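J.: Below is one structure. I have some questions about it.
Bear in mind that the values in this text are calculations on the coordinates, not laboratory data. On a predicted model such as this, the values are computed, not experimentally measured, just so you know. Note that each Cβ is placed from the backbone with ideal geometry, even for glycine, and that neighbours are counted across all protein chains shown.
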């Protein structure tokens, strides 16, 4: 009789304990974090990892920022970038994009390659190793030379271009206050290898 009472007591205790336990609430899924812009050097190296499968001897010809309305605006960074690479062995050029999101205008998240093109005789490609200074650092240097222009034009988009021309020995970042070089009131060249200020154009 005692055994039966003990068994019934234990069973009742288990039932009461089970009833008192509250079921674990379902884990709340946090909303995805908004996409963040990236610097030029980050985008360039991510593209280059893919470019090497197209041409192991690939060099950089030029690169420019693409600003996206869906991505926060941060000076020295951009939501998307477009770069053109060349291959001496192929005698061809190929353009790639890197975007942090899917966006209209044939922009796909991650690295996306475009068609091959003829290589211009005037092209001045350079090794990716020459790009030692990132766009956020180049922007800070350019900002130091911009004087009051940046303060007087606080809402201007900062566009960025990377290329090599005959004026300078190394490739240079061109920091542009505006959507394009043609409409910009100010742009500055910063050496992409050393980070030194090179020239101001109005």
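J.: If we sort 149-157, 83-91 on the protection proxy, mean other Cβ atoms within 10 Å, highest first, what's the order?
T.: Taking the mean over residues of other Cβ atoms within 10 Å, the ranking is 83-91, 149-157.
J.: So for region 61-202, considering every pair of alpha-carbon atoms, how many percent are separated by more than 25 Å? Don't skip to the end; give the middle numbers.
T.: Numbers: 2943 of 10011 pairs.
Distances greater than 25 Å cover 29 percent of the Cα pairs.
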